[in-house]
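Inspection log for the structure reproduced underneath, given as structure tokens.
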Amino acid sequence: MADERVWTVEDHLTDADPGAVRLWHRIDELIASFGPVTHAVSKTTITFRGPRRGFARARPLQHGIRGYFDLMRELPPDPRILGASPYGRRLYVHQFRLADESEFDGTVESWLREAYDVGCGAHLGP
């Protein structure tokens, strides 16, 4: 039986573009400021998990960050949102791309805050 590799955050960041790494750390620090969060790392991405469930994923690209986050609503059009699709009865998965740090603003911060609430189970309420 072959050993399964255990992926780490550093595996994704080591050879990534320095600007993308800085942006990923800004996202990570923001999400950590919301409350308890852990990383679930796989070969393809880094998932952010709240106390109840995963709510966002992000990985550095050659230029920027790509990922997704879950919200209880569909966002209006925004160039950073690549698409949104329903997930279950109460959630929408939003695919996003941030080309650089200039696109990481208060709007993105508010989306991630809402997504963290999903990670805490907000979507399970009445």
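The values are calculated or read from the model by the stated rules, or taken from the named source; none is laboratory data. It should be emphasised that the depicted structure is a prediction, and the values quoted were computed from it without experimental measurement. Quick reminder, even Gly has a Cβ in these numbers, built from the backbone with ideal geometry, and neighbours come from all protein chains shown.
Okay, here's what the table says:
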quantity	calculated
Residue, nearest to Y116 (Cα to Cα), within the range 1-28, restricted to residues that are of a type outside the set (D, E) and assigned to a loop (DSSP other than H, G, I, E, B)	T8
Candidates R73, R113, filtered to the one that is surrounded by fewer than 17 Cβ atoms within 10 Å (Cβ to Cβ), under 12 Å from the mean Cα position of the chain (by Cα) and outside any strand (DSSP E or B)	R113
The one condition in (1) within 15 Å of the chain's Cα centre (by Cα); (2) part of a strand (DSSP E or B) that P86 fails to fulfil	(1)
The range 29-43, residues that are assigned to a strand (DSSP E or B) and polar (S, T, N, Q)	T38
The range 60-78, residues that are in contact with a Lys or Arg (Cβ under 9 Å, 6 or more places away or on another chain) and modelled with pLDDT of 95 or more	I65, R66, G67, Y68, F69, D70, M72
Checking G67 against (1) more than 23 Å from E101 (Cβ to Cβ); (2) touching a strand residue (DSSP E or B) at 6+ places or on another chain (Cβ under 7 Å); (3) crowded, with 16+ Cβ neighbours inside 10 Å; (4) not aromatic (F, W, Y), the condition it does not meet	(1)
Qualifying positions in the range 95-110 - closer than 14 Å to I27 by Cβ, in contact (Cβ under 8 Å) with a residue 12 or more places away in the chain and under 13 Å from the mean Cα position of the chain (by Cα)	F96, R97, L98, F104, V108, E109
